[in-house]
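Please read the structure below before turning to the comments.
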Amino acid sequence: MQKLIFPEHFQWGTATASYQIEGAWNADGRGLSIWDVFSHTPGKVKNGDTGDVACDSYHRIDEDVALLQKLGVKVYRFSVAWPRIYPEGTGTLNKPGLDYYHRLVDALLAADIEPFCTLYHWDLPQALQEKGGWDNRETIDHFVHYAETLFQQFNGKIKNWITINEPWCVSILSNYLGAHAPGNQDLQMALDIGHHLLLAHGKTVQRFRQLNMEGQIGIAPNVSWNEPYSNREEDVAAARRMRGACNEWFLDPLFKGSYPDFMVAWYQKMGASVNIQPEDMAIIQQPIDFLGINYYTGSLVTYKQGEGDYDGEDVEEGRERTDIGWNIYPEGFYNVLTWLTEQYGDVPIYITENGACYNDEVQNGKVADTRRIAYLQKHLLQLHRAIASGVNMKGYMTWSLMDNFEWAEGYSKRFGIVHVNFETLVRTPKQSFEWYQQVIAHNRLEV
Ligand code: BGC
Ligand code: BGC
């Protein structure tokens, strides 16, 4: 057996998001979000599931924080539901909604857990969607105003801020592929939305600096690792497009101040281009304190004309898949992290999400999710390789603390290291919870 030691003060943690766990959809003056509307629209979410109750975390701060404490995490990543703070997106502040996060943050601090707060994890106020949502540039200013409220409210309490979770999902998946709220299918709109999200991020970072806030701020894009099947030019180009749509499209503006030419040209062929105003790119390219990375999967790609949007096809390698059907690709984790550092320099990185869907159930009071342990083990090994290779890695947050509302998949897909019975809301730590507890306690991985 080998023991892989992680750097001193490595920030181990877990992650969740407001709409996926809170429930209490109409409590204490919370406004509607686009996910309330989407999940209540027949046919949008599997089995008609909604986040109305979810894990009921809104009413279970003590129980959830006790779990985190037992796990031994140093950091906890959660998100704030914008419509709890501003039910209409802007205008009147809803004090009771704000109080919920004060109670949560106070409980975390009392338990010696550093809050890592995501400002936007997809629950846009419906009132803003009705005025065009992220397609409307005014939403950017409303977002900055909302962010500023939280900065001022939590200055000195929350020292780690993430502006936007996964701009690819918010733009392409939600507004071109239509799979997530608000469910549009319009590439031009999706590209503009992606741009507006990056601008909202940049302006929020600017405001954070102007206010002289204590702490650090970054963004959390999801990245994928798409590797060419062969070194044939067309395979290389197809893999590059598939990766570029997810990675470079968002990371180049953030770090280089421009969209990648090869993707601009490709989207132009598809009839779409970003509407950029003077100054936009400079705003987007604000220096950030860290990059959050969400990684789940990767693939080998071959060129196939007309396949998908990028003329590329994943090769069936016979790799194992998780219960949501995603390829298990641990080497991609190492590859993407070292690639990021080569491309964008020595930025401090936190893994803000990594984890696996396995639907193991409770049997005799236990959940033997050995496949999740294997997944985490393989990925932590690759993470350790990345650290050994000089990637500036600060911490790792597994997705997720507990089973929750998995967006369009509803409650049919479980990512938690704590099992949640969605009838009784009883939480049962899984075997992976105990395993991760040991990793954290010893700051090492045994392989
Ligand atoms: C060291 C860390 C180092 C890590 C990765 C560990 O053995 O304690 O400082 O970053 O290996 O190389
Ligand atoms: C999202 C999470 C989601 C997870 C698993 C990420 O795309 O940020 O909210 O539950 O992946 O699909």
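Hey, does region 332-345 have a residue that's aliphatic (A, V, I, L, M) and assigned to a loop (DSSP other than H, G, I, E, B)? No, because not a single residue in region 332-345 is aliphatic (A, V, I, L, M) and assigned to a loop (DSSP other than H, G, I, E, B). Selection within region 12-35: residues that are open to solvent by less than 50 Å² (accessible area, probe 1.4 Å) and more than 16 Å from ligand 2 (Cβ to nearest atom). The member of this set that is nearest to the chain's Cα centre (by Cα) is TRP12. Quick one: count up the residues across region 66-110 that are open to solvent by 10 Å² or more (accessible area, probe 1.4 Å) and assigned to a helix (DSSP H, G or I). Residues meeting the conditions: 14.
Of the numbered criteria (1) more than 16 Å from ligand 1 (Cβ to nearest atom); (2) under 23 Å from GLU227 (Cβ atoms); (3) loosely packed, with under 15 Cβ neighbours inside 10 Å, the one VAL362 fails is (2).
For region 234-272, residues that are surrounded by fewer than 19 Cβ atoms within 10 Å (Cβ to Cβ) and of a type in the set (Lys, Arg) total 2.
Only one of the numbered conditions (1) more than 21 Å from VAL205 (Cα to Cα); (2) open to solvent by 10 Å² or more (accessible area, probe 1.4 Å); (3) not small (Gly, Ala, Ser) is violated by ARG137, and that is (1). Candidates are the residues of region 204-233 that are among the aliphatic types (A, V, I, L, M) and within 16 Å of ligand 2 (Cβ to nearest atom); the one that is surrounded by the most Cβ atoms within 10 Å (Cβ to Cβ) is ILE219.
Annotation note: of ALA388, ALA374, the sole residue that is free of Cβ contacts under 8 Å to residues at least 24 places away in the same chain and within 16 Å of ligand 1 (Cβ to nearest atom) is ALA388. The residues of region 143-193 that are more than 15 Å from the chain's Cα centre (by Cα) and small (Gly, Ala, Ser), listed by number, are ALA147, GLY156, GLY178, ALA179, ALA181, GLY183, ALA190.
The rows are residues; the columns are (1) open to solvent by 50 Å² or more (accessible area, probe 1.4 Å); (2) of a type outside the set (Asp, Glu); (3) modelled with pLDDT of 95 or more; (4) over 28 Å from MET397 (Cβ atoms).
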{"position": "TYR303", "(1), (2), (3), (4)": "yes, yes, yes, yes"}
{"position": "ARG319", "(1), (2), (3), (4)": "yes, yes, yes, no"}
{"position": "ILE328", "(1), (2), (3), (4)": "no, yes, yes, no"}
{"position": "PHE333", "(1), (2), (3), (4)": "no, yes, yes, no"}
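Just wondering, is there one or more residues in region 376-395 that are within 30 Å of ASN175 (Cβ to Cβ) and surrounded by fewer than 16 Cβ atoms within 10 Å (Cβ to Cβ)? No. Just name the residue that is farthest from THR352 (Cα to Cα) out of those in region 396-439 that are open to solvent by less than 20 Å² (accessible area, probe 1.4 Å) and in a helix (DSSP H, G or I). Here the residue is GLY410.
The values are calculated or read from the model by the stated rules, or taken from the named source; none is laboratory data. Just so it is clear, the model here is predicted, and its values are computed rather than measured. Don't worry about glycine lacking a Cβ; one is built from the backbone with ideal geometry, like all the others, and counts go over all protein chains shown. The accessibility values were calculated without ligands, DNA or RNA, using every heavy atom of the protein model including side chains. Shrake-Rupley method; radii C 1.70, N 1.55, O 1.52, S 1.80 Å.
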